[in-house]
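Here it is, the structure, as C-alpha cells.
The values are calculated or read from the model by the stated rules, or taken from the named source; none is laboratory data. Nothing here was measured: the structure is a model prediction, and the numbers come from that model. Don't worry about glycine lacking a Cβ; one is built from the backbone with ideal geometry, like all the others, and counts go over all protein chains shown.
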Amino acid sequence: MINLNLIFPEIFISLSIMFLLIVGVFKKNSLNFIYNLTIISLLITLALTLNYPIDTHLTLFNESYKIDYLSTFMKILTLISGIFVMLTSSKYIQITKIIKIEYPVLLLSSILGMMVMISSNDLIVFYMGLELQSLALYVLASFNKENLLSSEAGLKFFVLSALSSGLLLYGCSLIYGFSNSTNFILIAENLNSNSYGLTFGIVFILVGLAFKISAVPFHMWAPDVYQGSPTSVTIFFAILPKIAALTVFIRFLYVPFINLIDQWQMIIVFLSIASMLFGAIAAIGQRNLKRLIAYSSIGHMGYALAGLAAGSNNGIQSAVSYISIYLVMNLAFFSCLLMIRRNDNYFENIEDLSGLSKNHPILSISLLIVLFSLAGIPPLAGFFAKFYIFMAVIERSMYFLAVIGLLSTVIAAYYYLRIIKIIYFDPEKEKYDSNHHLGLKLSLIISTIFILFYFIYPSGLTEIISKINII
Amino acid sequence: MNFPILSSLILLPTIGALFIFFSKTNKTKYQSSKYVALFVSFANFLLSLYLWFLFDTTTYEFQFVENQEWIRGFINYKVGVDGISILFIILTTLIAPLCIISVNATIKKNLKGFLVAILLMETLMIGVFCSLDLVVFYLFFEGGLIPMFLIIGIWGGEKRVYSAFKFFLYTLLGSVLMLIAIISIYWMTGTTDVTELYEIGINAKYQNLLWLAFFSSFAVKTPMWPVHTWLPDAHVEAPTAGSVLLAAILLKMGGYAFIRFSLGLFPIASDYFVPLIYFLSLVAIVYTSLVALMQEDMKKLIAYSSVAHMGFVTLGIFTITQQGIEGSIFQMISHGLVSAALFLCVGVVYERMHTRLINRYGGIVTIMPKYAIVFMIFTLGAIGLPGTSGFVGEFLILIGTFKKSFLVATIASSGIIFAAAYMLWLYRRIIFGELIHEDLKKMIDLNQSEIFILWSLAIPILFIGFYPEPIINTVEISVNNLIEMFNSNLQINLAKNN
C-alpha cells in the first residue's frame with residue numbers, strides 16, 4: 001500500500017497550480033490576488049513538509065521516490081527560498097509590468113519540479129522533475145517579451161539546456177544498459193565497475209548536472225541568462241535550481257556510485273577547480289551586476305562541488321551548509337539590487353552604485369556585509385561556509401584543491417572589493433527611491449542579520465545538517 | 001573569578017560601536033558620538049588596567065581563561081592571557097582612546113562611521129591578543145581587514161583606493177595559507193586549542209610546511225622584507241588615526257603571533273628556519289633604513305622606519321633567548337607608543353599645512369616650541385637613546401643576538417646608527433633650519449587636546465625607558481616557560497633522531 005500521506009506537499013502544490021490557473025482564467029484583474037495566493041500555497045506546502053517527522057526514511061512507488069532527512073531539509077530550503085524570492089520580487093514585477101497570471105503559476109510548477117528532483121531515487125523520476133523545472137524556467141527567462149535580451153536569454157537557455165538534457169538522457173540509457181535498472185538502489189546492487197560504458201554513463205549524467213548548476217566548462221549560458229532575464233527571475237535562477245541540482249548530485253554520486261568514487265572524483269575535482277578559478281577571474285571585468293553575480297555563482301558552485309569531491313559525509317554536509325549560506329547571501333544581494341530604483345527604473349550596472357553610501361547608508365552597510373560575506377571574510381557567514389568546505393577537503397588530504405580554492409577566494413575578493421570601493425569611495429550620484437515594499441525590506445533585513453550574526457551561534461545550522469547521513 | 005573580564009574587554013567596544021551606529025545624531029551635535037566612543041574606549045582602558053592589577057606575575061599559566069563551546073564538538077571559544085599577551089592588550093586599549101581624541105577636523109565626512117570602524121578595530125585587536133584557539137584567532141586576525149580597509153579607503157588620501165586594495169589583498173593572500181595550516185593541524189591532532197597543542201606537540205615531519213604557511217601570514221602582517229611594500233602605501237594614505245592603529249597595534253599582531261604560534265607550536269621548524277629569519281630581518285633593518293633616509297614624505301619615512309624596527313623584533317624573537325624575546329616584546333610595546341606618537345606628530349603639522357613633504361617645513365621651532373619638545377622625545381625614542389623605551393628593547397635584542405651570532409648582531413647594530421641618521425635628519429629638516437616658507441608662520445602651537453595626547457604617550461615612553469621593571473616583570477615567567485618548552489621539544493626531537 002502506497003502511503004500517499006508522504007507526498008502531500010507535492011500533491012498540494014500540483015492542485016494549487018491547477019486551481020490558480022483556473023482562478024486566473026475566470027477572475028478578471030486578479031493578478032495580485034493570485035500572486036499572494038501563490039505565496040500562501042507555498043507556505044502551506046512548507047507546513048505540510050514540516051508536518052511529518054523529519055527523520056523518516058521511506059521510499060515510495062517501488063523505491064523510486066525517497067523521503068529522508070536530506071530530501072526534507074532540501075525541500076524546506078527550496079520552499080523557504082521560494083517564498084522569499086516571491087516576497088522580494090512582488091513589487092518589481094508590477095513596476096516592470098511583466099506580471100501575468102502565468103508568472104506565479106510557472107514559479108510554482110518549477111518548484112514542484114525541484115521537489116520531485118530532490119526526492120527522486122530513480123533516473124526517470126529525476127528526469128521528469130528536471131524537465132518540469134526547466135520547462136517552467138525557459139518561459140520565465142523570456143518572460144519580459146518586450147525586451148530583446150530577455151527573449152535571447154530564454155532561447156539560449158532552452159537550446160543549451162535541451163542539449164544538456166540530451167546528454168543526460170544518453171547517460172541514463174547507458175547506465176540502464178549496463179545495470180538493468182533505473183532505480184538508484186538497484187543500480188548499486190547490479191553494479192559492475194569493470195565496464196567502461198558505465199563510466200561513460202556517469203560522465204554524461206555529470207555533464208548534464210554540471211550544466212544545471214552552471215559549473216565550468218558548462219557555464220556558458222549562465223551570464224547571458226542571468227543578465228537577460230527579469231531580475232525577479234534571476235534571483236530564482238541564482239538560488240533554487242542550485243539546491244535541487246546539488247541534491248541530485250549528492251544522491252546520484254553517493255547512492256549508486258559510491259563504489260566508483262575513483263572514477264568520478266577526478267571529474268568533480270576538475271569541475272570544482274575550473275569553476276572556482278574561472279568564476280573568480282571572469283568576474284573581474286564585468287560591469288553589469290547581474291552578470292557579475294552569475295560569474296560569482298559559478299565560483300560558488302565550485303566550492304560546493306569541492307565539498308562533494310571529498311567523498312565523505314563531512315563533505316556532503318559541508319556542501320549542504322555551503323548552499324544554505326550561499327542562498328541567504330544571494331537573497332540579500334538581490335534584495336539590495338532591487339532597491340536600486342529611481343522613478344520606476346531599475347539599475348543594474350556597477351557604476352549605478354557609485355557613492356551609494358552617502359545617500360543610503362543602511363542599504364550600503366547591508367551590501368557591504370553581503371559582499372564581504374560573499375568574499376568569505378570572517379566573521380561573516382560566508383567565511384564559515386568556506387571553512388566547512390575546506391575542513392572536509394583537507395580531511396581527505398586534498399591539499400591541491402584546498403590551495404587552489406583559497407587562492408581563488410583572494411582573486412574573487414578583488415571584484416567584491418571593487419563593488420565596495422564604488423559604493424563607499426566614489427562620488428555620489430542622484431538619490432534612489434527609498435519607498436520599498438515591505439516584503440523586500442523584510443527579506444533584506446532577515447538575510448543580513450543571518451549573515452552578520454551567524455558566527456554567534458554557528459552550531460545551530462551545523463547541528464541540523466550533521467544529521468544528513470548518506471554514506 | 002567568574003566575571004568574564006576578557007570577553008567584556010572584547011565586547012565593550014563593539015557595544016559602543018553598535019550604540020553609535022544606531023543612535024540618531026544631527027549635524028550640530030555630531031560631537032556627541034565622539035564622546036560616547038571616548039567614554040567606551042576609556043572604560044575599556046581602565047578595565048584592562050584592572051586586568052593587569054589582577055594579573056598574577058608568578059605563574060606562566062594562562063589566566064582569566066574562558067572556555068565555551070562554539071561550533072559544537074569541534075571548536076571552542078577560548079580566551080585567556082599570559083605575560084606575553086597582557087601587555088599588548090593594554091597597549092591596544094591605551095592607543096584606541098588616543099586615536100579617538102585625535103579624530104577631529106581631519107575627518108570631514110561621516111565621523112560616526114569612522115568611530116564605529118575604530119571601535120570595531122579595537123574589539124578585533126583585543127580578540128587577536130587573547131584568543132587561545134587557532135580558529136578564533138584566525139577570525140579576529142582576518143576580521144580586522146574589513147574595518148581597516150574602510151578606514152583607509154573612505155577617509156584616506158589621494159591614492160587611498162590603491163592602498164586599501166593592496167593592504168587587503170596582500171594580507172588576505174598571506175592568511176589563506178594559514179587557514180589551510182590550521183585545518184591541517186585540526187585533522188592531525190583533533191584540536192585547535194593552543195594550550196592543548198602545546199602539550200600534544202605537532203609531528204616534526206609536517207612542522208616545516210605548517211611553519212611556512214603560518215609564516216606567510218605573519219610575515220605580511222609584521223611586515224618583513226620583501227612583503228613590506230603594502231605598509232608605506234597604507235600608512236601614507238590612511239588618515240592619522242588609521243596610521244596610528246596600523247603602526248601601533250596591527251603590526252604587533254605579526255610579532256605576537258610569531259612568539260605565540262610559530263615558536264610555541266613549531267619549535268623544530270622554528271629552529272630550522274632561524275637563518276632565514278635572520279637574513280630577512282637584517283635586510284629589513286639595513287635596507288629599509290637606507291630607504292627611509294631617502295624619503296621626502298614624512299609618513300613614508302616613519303613607515304619605513306617601522307619596517308626596520310620590526311626587523312629588530314623578528315630578529316629578537318628568533319634568537320630564542322630570554323633577553324631576545326623579552327627585548328622583542330619590549331620593543332613592540334615601545335614601538336607601539338613611539339610610532340603612534342610620531343604619526344600623531346605628523347598629523348599635527350599635516351592638519352595645519354596639508355602637506356607631508358619634508359622640504360615644505362623647516363625652522364618651526366620658533367613657532368611651535370611645545371611641539372618641538374615632544375617631537376624631540378619621540379625622535380629620541382625611535383632612535384633608541386638610553387632613557388627612552390626604545391633603548392631597552394633594542395639593547396635586550398642585541399644582547400640576545402650576540403649570544404647567538406656575533407656577525408648578525410654587528411650588522412643589526414648598524415641599524416641603530418641608521419635610525420639615528422634618518423630620524424635626526426628628519427627632525428633637523430622639520431624643526432630646525434631657517435624658516436624659508438612664509439606660510440609656516442601662520443601655524444599655531446599645540447592645542448590642549450594635542451598636548452594631552454602626545455604627553456600621554458611621552459610619559460610612558462620615558463617611564464619605561466628609565467624603569468622597565470613592570471614590563472620585564474610581567475613577561476619574564478611566560479617567556480622563560482616558552483623557552484624551556486622550546487628547548488625540551490628540541491631535545492626530544494634530537495633524541496628521537498639519534
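Specify the residue that is nearest to the other protein chains (Cβ to nearest Cβ); the eligible residues are those in segment A:445-471 that are closer than 17 Å to A:F73 by Cα and part of a helix (DSSP H, G or I).
Ranking the qualifying residues of segment A:445-471, first place goes to A:S459.
State all residues of segment B:155-183 that are under 18 Å from A:F384 (Cβ atoms) and at the interface with chain A (Cβ under 7 Å from one of its Cβ atoms); if no residue qualifies, say none.
Once the filter is applied, which keeps residues that are under 18 Å from A:F384 (Cβ atoms) and at the interface with chain A (Cβ under 7 Å from one of its Cβ atoms), segment B:155-183 yields B:L172, B:V176, B:L179, B:I180, B:I183.
Can I ask one more? Only one residue in B:G174, B:G143 is in contact (Cβ under 8 Å) with a residue 24 or more places away in the chain and either of a type in the set (S, T, N, Q) or at negative phi (or both). Which one?
B:G174
A further question follows. Here are B:L38, B:L54, B:L49: which of them is buried (at least 16 other Cβ atoms within 10 Å of the Cβ) and either within 20 Å of B:A241 (Cα to Cα) or more than 14 Å from chain A (Cβ to nearest Cβ) (or both)?
B:L38
Please work out which residue is farthest from the chain's Cα centre (by Cα), limiting yourself to segment B:270-288 and to residues that are under 22 Å from B:I182 (Cβ atoms) and surrounded by fewer than 22 Cβ atoms within 10 Å (Cβ to Cβ).
The qualifying residue farthest from the chain's Cα centre (by Cα) is B:Y272.
Quick one: in segment A:365-382, of everything that is within 8 Å of chain B (Cβ to nearest Cβ) and touching a residue at least 60 places away in the same chain (Cβ under 8 Å), which residue is surrounded by the fewest Cβ atoms within 10 Å (Cβ to Cβ)?
A:P379
State the number of residues belonging to segment A:419-434 that are of a type in the set (D, E, K, R) and either buried (at least 18 other Cβ atoms within 10 Å of the Cβ) or free of Cβ contacts under 8 Å to residues at least 40 places away in the same chain (or both).
Number of matching residues: 1.
Same structure, new question: Tell me which residues, restricted to segment A:416-444, are among the basic types (K, R) and either within 14 Å of another protein chain (Cβ to nearest Cβ) or closer than 22 Å to B:G113 by Cα (or both).
Within segment A:416-444, A:R418, A:K421, A:K429, A:K431 qualify.
Evaluate segment B:58-72: report whether one residue or more is within 14 Å of chain A (Cβ to nearest Cβ), assigned to a loop (DSSP other than H, G, I, E, B), farther than 30 Å from A:I362 by Cβ and free of Cβ contacts under 8 Å to residues at least 60 places away in the same chain.
Yes: one or more hits.
Please report, ordered by residue number, the helices (runs of 4 or more DSSP H) entirely within segment A:272-378 with at least 2 residues that are under 15 Å from the mean Cα position of the chain (by Cα).
Fully inside segment A:272-378 and qualifying: A:289-309, A:313-339.
What do you reckon, is A:V393 in a helix (DSSP H, G or I), without any contact (Cβ under 8 Å) to a residue 24 or more places away in the chain and over 26 Å from B:V116 (Cβ atoms)?
No.
Residue by residue through segment A:80-128, note down the ones that are among the charged types (D, E, K, R) and not in a helix (DSSP H, G or I).
If the condition is that a residue be among the charged types (D, E, K, R) and not in a helix (DSSP H, G or I), then A:K97, A:K100, A:D122 are the ones that fit.
I'd like the full set of residues that are facing chain A (nearest Cβ under 10 Å), out of contact with any strand residue (DSSP E or B) (no Cβ under 7 Å at 6 or more places or on another chain) and not charged (D, E, K, R), limited to segment B:135-154.
Of everything in segment B:135-154, those that are facing chain A (nearest Cβ under 10 Å), out of contact with any strand residue (DSSP E or B) (no Cβ under 7 Å at 6 or more places or on another chain) and not charged (D, E, K, R) turn out to be B:Y138, B:L139, B:F141, B:G143, B:G144, B:L145, B:I146, B:F149, B:L150, B:I152, B:G153, B:I154.
Tally time: how many residues in segment A:385-401 are touching a helix residue (DSSP H, G or I) at 6+ places or on another chain (Cβ under 6 Å), among the hydrophobic types (A, V, I, L, M, F, W, C) and within 11 Å of chain B (Cβ to nearest Cβ)?
Residues in segment A:385-401 being touching a helix residue (DSSP H, G or I) at 6+ places or on another chain (Cβ under 6 Å), among the hydrophobic types (A, V, I, L, M, F, W, C) and within 11 Å of chain B (Cβ to nearest Cβ): 7 in total.
Given segment B:320-435, what helices (runs of 4 or more DSSP H) lie entirely inside it while holding 3 or more residues that are without any contact (Cβ under 8 Å) to a residue 12 or more places away in the chain and out of contact with any strand residue (DSSP E or B) (no Cβ under 9 Å at 6 or more places or on another chain)?
Result: B:406-431.
OK, next. So which residues in segment A:13-38 are closer than 22 Å to A:F73 by Cα and surrounded by fewer than 18 Cβ atoms within 10 Å (Cβ to Cβ), if there are any at all?
Within segment A:13-38, A:S14 is the sole residue that qualifies.
Evaluate segment B:93-115: report whether one residue or more is without any contact (Cβ under 8 Å) to a residue 24 or more places away in the chain, within 28 Å of A:Y454 (Cα to Cα), of a type in the set (K, R) and within 14 Å of another protein chain (Cβ to nearest Cβ).
No; the residues of segment B:93-115 include none that is without any contact (Cβ under 8 Å) to a residue 24 or more places away in the chain, within 28 Å of A:Y454 (Cα to Cα), of a type in the set (K, R) and within 14 Å of another protein chain (Cβ to nearest Cβ).
While we're looking at this one, here's another question. Need the failing condition index for A:K429 against (1) in a helix (DSSP H, G or I); (2) at pLDDT below 85, just the number.
(1)
Within segment A:234-244, is even one residue over 13 Å from the mean Cα position of the chain (by Cα) and part of a helix (DSSP H, G or I)?
Checking segment A:234-244: not a single residue is over 13 Å from the mean Cα position of the chain (by Cα) and part of a helix (DSSP H, G or I).
Looking at (1) in contact with a Leu (Cβ under 7 Å, 6 or more places away or on another chain); (2) part of a helix (DSSP H, G or I); (3) not aliphatic (A, V, I, L, M), find the lone condition where B:Y50 falls short.
Unmet condition: (1).
Considering segment B:187-202 alone, what residues qualify as being within 14 Å of chain A (Cβ to nearest Cβ), touching a residue at least 12 places away in the same chain (Cβ under 8 Å) and surrounded by fewer than 21 Cβ atoms within 10 Å (Cβ to Cβ)?
Once the filter is applied, which keeps residues that are within 14 Å of chain A (Cβ to nearest Cβ), touching a residue at least 12 places away in the same chain (Cβ under 8 Å) and surrounded by fewer than 21 Cβ atoms within 10 Å (Cβ to Cβ), segment B:187-202 yields B:M188, B:T189.
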